[in-house]
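Visitor: This structure is in structure tokens; I'll ask about it shortly.
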Amino acid sequence: MLRDTSKDEAYFTEEIIKCEKEIEEDEKELLELPLGDARRERYLFCIEDQKFHNAMDKYARGDDIKLVKKDLEEVISIIQKKRLEFGFDISWLKGKVIELCLRVLLDMDTTCVLKLVEEDERKRRDILNRDWFLHFVGSMGKNLNLERKCIRKEHELIKEFVATKDIEFLHKYMKKHTRLRDPINTWDLEGAVIVKIMNLNKEEFKHYKYFPYDLI
């Protein structure tokens, strides 16, 4: 059963088939490159991005949630592989938000990412690593530090909810997510993560169009 009814099943199936062919081609190219070759980073990045969007297309199509989560675990595996080869990407906030959200939703460790963010912040190498949302999610809600700023303005509504416990701020965020021109992802992974971390009743948010209810 479709989870995203804005498109039909045939649309998602076509996108998935096309993406899987691109992944296969990139994986073949990657195998041809020796370790240490700088071009490997670009291929790993492309494979990571393609696998993530492919998994979310399967989610939108209505695929079994266990299989979708297995595909998302593969995304984390690619991220870890890329990090081992080329180090921590300090400048891509979107990628770090997605990784932390996936780790929370998949019940995976978040401290490994948080430690890298904190280390970079201590070195003052990138202002993005001071972001409140990264530290809050990476610490599974333990690091409140409300003096931190949110790089993405919409996350300020989440911070207001955490600070006040007024659920209306979270509802405002979720309503705003459906209107954003440039969300982190079409599916509201950030909202789902906050519901999980704060141990809220997910039924209350099920009616929001892109709330990934069954990923929690």
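The values are calculated or read from the model by the stated rules, or taken from the named source; none is laboratory data. All values reported here derive from a predicted model rather than from experimental measurement. Every residue, glycine as well, gets a Cβ built from its backbone with ideal geometry; the counts of neighbours run over all protein chains shown.
Visitor: Looking at the stretch 72-112 only, could you name the residues that are of a type in the set (Val, Ile, Thr), in contact (Cβ under 8 Å) with a residue 40 or more places away in the chain and in contact with a Lys or Arg (Cβ under 9 Å, 6 or more places away or on another chain)?
Guide: The answer is Val97, Val104.
Visitor: Hey, another quick one. Filtering the stretch 1-56 down to residues that are of a type in the set (Ser, Thr, Tyr) and modelled with pLDDT of 95 or more, which residue is surrounded by the most Cβ atoms within 10 Å (Cβ to Cβ)?
Guide: The selected residue is Tyr43.
Visitor: If you go through the stretch 90-111, how many residues are charged (D, E, K, R) and buried (at least 18 other Cβ atoms within 10 Å of the Cβ)?
Guide: Qualifying residue count for the region: 3.
Visitor: Of the residues that make up the stretch 4-18, is at least one in a loop (DSSP other than H, G, I, E, B), small (Gly, Ala, Ser), free of Cβ contacts under 8 Å to residues at least 40 places away in the same chain and farther than 21 Å from Val97 by Cβ?
Guide: So far as the stretch 4-18 goes, yes, one or more of its residues are in a loop (DSSP other than H, G, I, E, B), small (Gly, Ala, Ser), free of Cβ contacts under 8 Å to residues at least 40 places away in the same chain and farther than 21 Å from Val97 by Cβ.
Visitor: I need a count of the residues in the stretch 159-188 that are in a helix (DSSP H, G or I), closer than 25 Å to Phe52 by Cβ and among the acidic types (Asp, Glu).
Guide: Residues flagged as in a helix (DSSP H, G or I), closer than 25 Å to Phe52 by Cβ and among the acidic types (Asp, Glu) within the stretch 159-188 amount to 0.
Visitor: Quick one: which of Lys202, Lys153, Lys176 is under 25 Å from Leu67 (Cα atoms) and among the basic types (Lys, Arg)?
Guide: Criteria check complete, one pass: Lys202.
Visitor: Okay, next question. Regarding the stretch 140-150, can at least one residue be identified that is surrounded by 14 or more Cβ atoms within 10 Å (Cβ to Cβ), of a type in the set (Gly, Ala, Ser), modelled with pLDDT of 90 or more and more than 17 Å from Asp49 (Cα to Cα)?
Guide: yes
Visitor: May I ask you to list pairs of residues, at least six apart or on different chains, whose Cβ atoms are under 9 Å apart, with the first in the stretch 113-135 being more than 16 Å from Cys150 (Cα to Cα) and touching a residue at least 12 places away in the same chain (Cβ under 8 Å) and the second being among the basic types (Lys, Arg) and surrounded by fewer than 17 Cβ atoms within 10 Å (Cβ to Cβ)?
Guide: Cβ pairs passing all conditions: Leu116/Arg83.
Visitor: Output the residue which, of all residues in the stretch 176-207 that are among the polar types (S, T, N, Q) and free of Cβ contacts under 8 Å to residues at least 24 places away in the same chain, is farthest from Asp4 (Cα to Cα).
Guide: Among those residues, the one meeting the criterion is Asn199.
Visitor: In the stretch 22-65, how many are in contact (Cβ under 8 Å) with a residue 12 or more places away in the chain and basic (Lys, Arg)?
Guide: Residues meeting the conditions: 4.
Visitor: Any idea how many residues of the stretch 74-89 are closer than 26 Å to Arg3 by Cα and surrounded by fewer than 14 Cβ atoms within 10 Å (Cβ to Cβ)?
Guide: The total comes to 1.
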